[in-house]
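To start, the structure under review is shown below, and the notes come after it.
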Amino acid sequence: MKVSPHRQAITIFSVVIPCILIIGLLVAILHGRGKLHASHAEKESNFKAYQSASTQVRELEAMLSLDDRRAKIEYWNAKLDQDFIQAISSHLNEILARYDDSVLRQTEMKKAQKSTSIGSRTNNPHSMIELSFEGGFKPMQLLLAELEREMPNLMLESISVKSNPARTDDDEGKLNFTVLYLCWEKAKA
């Protein structure tokens, strides 16, 4: 059976091509709808992340505004930016200048050789320093308190006190202090 060219043209242009166009249009609509849903889901997750971050920022700002914590954190960061040896030397010199050498004097400052019980258990950068002093108990307490106030990144690891007997009857016995400090440092970026 031979199909006439008119009937063949009518079949192609009225049935086949419209069906191909409709199928192509449906595929394009479904593909676009999938992209639209994916884009919408991504935007929703980004919005939720933004809301969460915004809430955390508000809470952090509220926490920093209490008790002037922002100034304390800035002070801490400024202290961490200073060179440790220069900072501790200058603070010790300032504090020791208030005392006579017969009352309290520094006998030694060196890098600590032994590992620490606290610093060795953390990955935070730190250094150790060993300080030795000779003098009375009260001036030593005041020195340590003042030093830790000026350098909040210091942490007393250990302190040992030994008595140094009097050499003469008029001379009072002094104490020898060996102080081991752990100094927290800023992490290298």
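The values are calculated or read from the model by the stated rules, or taken from the named source; none is laboratory data. Keep in mind the model is a prediction, meaning the values are calculated, not measured. Counting neighbours? That spans all protein chains shown, and the Cβs are built from the backbone with ideal geometry, glycine included.
From the list Ser127, Ser65, Ser158, Ser132, which residue is over 26 Å from Lys174 (Cα atoms) and part of a strand (DSSP E or B)? Spell out the reasoning first.
Values: Ser65 fails: part of a strand (DSSP E or B); Ser158 fails: over 26 Å from Lys174 (Cα atoms); Ser132 fails: over 26 Å from Lys174 (Cα atoms).
The match here is Ser127.
Given the structure, is Gln56 modelled with pLDDT under 90, out of contact with any helix residue (DSSP H, G or I) (no Cβ under 9 Å at 6 or more places or on another chain), among the polar types (S, T, N, Q) and part of a helix (DSSP H, G or I)?
Numbers: modelled with pLDDT under 90: no; out of contact with any helix residue (DSSP H, G or I) (no Cβ under 9 Å at 6 or more places or on another chain): yes; among the polar types (S, T, N, Q): yes; part of a helix (DSSP H, G or I): yes.
No: the conditions fail for Gln56.
Total residues in the stretch 68-119 satisfying the condition of being modelled with pLDDT of 85 or more, aliphatic (A, V, I, L, M) and assigned to a loop (DSSP other than H, G, I, E, B): the figure is 2. Among the residues of the stretch 91-110, those that are without any contact (Cβ under 8 Å) to a residue 60 or more places away in the chain, of a type in the set (S, T, N, Q) and loosely packed, with under 13 Cβ neighbours inside 10 Å comprise Asn93, Ser102.
For the stretch 59-90, give me the residue count where each residue is acidic (Asp, Glu) and under 16 Å from the mean Cα position of the chain (by Cα).
Quick first cut of the stretch 59-90, residues acidic (Asp, Glu) only: 59, 61, 67-68, 74, 81, 83.
Okay, now just the ones that are also under 16 Å from the mean Cα position of the chain (by Cα), so 74, 81.
Number satisfying all stated conditions: 2.
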